[in-house]
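Notes for the one structure printed next.
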Amino acid sequence: MRKKFVASLLAVSIAASAGCAQLGIDKEQAGTLIGGIAGVAIGATMGSGTGRAAAMLIAGGVGAYLGNRIGHMLDEKDQQALALHTQEVLSQPASAGGQPVTWKSDHSGATAQITQGKEYSQTKQVQIKRAPRIEAVPSMKLINEPYVSTSNLNVRSAPNKNGEKVGSLNSNTEFTAVGSTGDWILVGRKGVTVGYVHKDYVAPKAQVVAKQKSPSVNLDDMDVAASKDTQAFDLDSIQSLPTQTVSAEAACRPVTVSLKSANGQSEQEQNTFCKQANGTWELI
């Protein structure tokens, strides 16, 4: 049976440490992320200007991803660096026309071309945490990307205009869009769904950065207990969080790595990665 490789880009704030619990990752998931690596963890700085410049790749089962053909051509440092760069590529939108992204070793002279194929969707069962007042949905499309509110708006308990108002967000508030169901976006705070907002009043952060006059305020970092408009998002005041199994439409991408070693030896490997509910890309 093929060993699965899980490599995750876990964005963390420079000013505060971000543990697995903040991302809604339980102990079992954390064990999956950490267990295959035999103690090897790679830190890297990526995403400059995003307000969350520090990122960590937990490279469990690097050999399973690189395979025997490519893996034997690289030393351990290059294996880790190539795995990290592949995950960085996956964290970006799929390249138009399948344009390759180049990786080059900083010490051995090895180079690689990383090419993403056409993205497609695959339906799978995932587990989503939600606040108790928030209604469950039977299905959704996974997003797990930073979004920003483009106006002041209500956050509702259900994905419809008749849903109870559980709070509100000011314009220019950044949050994690867990997923979407119809015209509604699931608002995430520290890995937990805390409500729904209409898609017309929010946008992916990547689309609004250039138009922003001031940096957005991140919902994860706010003192939500200090305001009645955000008190419902205070996860510390909630004793237990329901976990829901949802039929989710997830993005999958084929990835081709073409490697050339320092001595001119060439090899190519193809894999497919699918996005998970906690934001990781998993080799399938």
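The values are calculated or read from the model by the stated rules, or taken from the named source; none is laboratory data. A quick note: this is a predicted structure, and the numbers were derived from the prediction, not measured. For neighbour counting, all protein chains shown are included, and Cβ atoms are generated from backbone atoms with ideal geometry for every residue, glycine included.
Close Cβ contacts (under 6 Å, 6 or more residues apart or on different chains) running from residues in the range 57-82 that are among the charged types (D, E, K, R) to residues that are modelled with pLDDT of 65 or more comprise 69/267; 78/105; 78/108; 78/110.
Name the residues in the range 112-123 that are in a strand (DSSP E or B) and surrounded by fewer than 16 Cβ atoms within 10 Å (Cβ to Cβ), would you? Don't jump to the end; show me each part of the working.
Residues of the range 112-123 that are in a strand (DSSP E or B), as a first pass: 112-116, 120-123.
Across the range 112-123, the qualifying residues are 113, 120, 121, 122, 123.
Taking the condition modelled with pLDDT of 95 or more, surrounded by fewer than 16 Cβ atoms within 10 Å (Cβ to Cβ), at negative phi and not assigned by TED's automatic domain parsing to the domain that holds residue 92, does residue 234 pass? The answer is no for residue 234. Is there a residue in the range 133-156 that is part of a loop (DSSP other than H, G, I, E, B), in contact with a Pro (Cβ under 9 Å, 6 or more places away or on another chain) and either within 16 Å of residue 219 (Cβ to Cβ) or of a type in the set (Gly, Ala, Ser) (or both)? Yes - at least one qualifying residue is present in the range 133-156.
Return the residues of the range 178-223 that are assigned to a strand (DSSP E or B) and of a type in the set (Lys, Arg); say none if nothing qualifies. Give the derivation first.
Our first condition is that a residue be assigned to a strand (DSSP E or B); within the range 178-223, this holds for 178-181, 184-189, 192-198, 202-204, 217-218.
Correct list: 189 only.
When you scan the range 240-249, do you find a residue that is closer than 27 Å to residue 195 by Cβ, surrounded by 19 or more Cβ atoms within 10 Å (Cβ to Cβ), in contact (Cβ under 8 Å) with a residue 40 or more places away in the chain and of a type outside the set (Val, Ile, Thr), even just one? Yes; the residues of the range 240-249 include at least one that is closer than 27 Å to residue 195 by Cβ, surrounded by 19 or more Cβ atoms within 10 Å (Cβ to Cβ), in contact (Cβ under 8 Å) with a residue 40 or more places away in the chain and of a type outside the set (Val, Ile, Thr). Restricting to the range 157-177, what's the tally of residues that are farther than 30 Å from residue 252 by Cα and part of a strand (DSSP E or B)? Matching residues across the range 157-177 total 5. Scanning the range 204-229 for residues that are at pLDDT below 95 and under 29 Å from residue 245 (Cβ atoms), we see that the one that is surrounded by the fewest Cβ atoms within 10 Å (Cβ to Cβ) is 204. Against the numbered list (1) at pLDDT below 90; (2) surrounded by 18 or more Cβ atoms within 10 Å (Cβ to Cβ), residue 53 comes up short only at (2).
Under the condition of being over 18 Å from residue 223 (Cβ atoms) and either of a type in the set (A, V, I, L, M) or surrounded by 21 or more Cβ atoms within 10 Å (Cβ to Cβ) (or both), the residues counted in the range 158-175 number 2. Inside the range 251-284, can you point out the residues that are surrounded by fewer than 19 Cβ atoms within 10 Å (Cβ to Cβ) and of a type in the set (Gly, Ala, Ser)? Hits for the range 251-284 are 251, 258, 262, 264, 266. Scanning the range 91-111 for residues that are at pLDDT 85 or above and not in a strand (DSSP E or B) returns 99, 100, 105, 106, 107, 108, 109, 110. Can you say whether residue 199 is within 30 Å of residue 84 (Cα to Cα), under 22 Å from the mean Cα position of the chain (by Cα) and either in contact (Cβ under 8 Å) with a residue 12 or more places away in the chain or surrounded by fewer than 19 Cβ atoms within 10 Å (Cβ to Cβ) (or both), as far as the supplied structure shows? Here the answer is no, as residue 199 does not meet what is asked.
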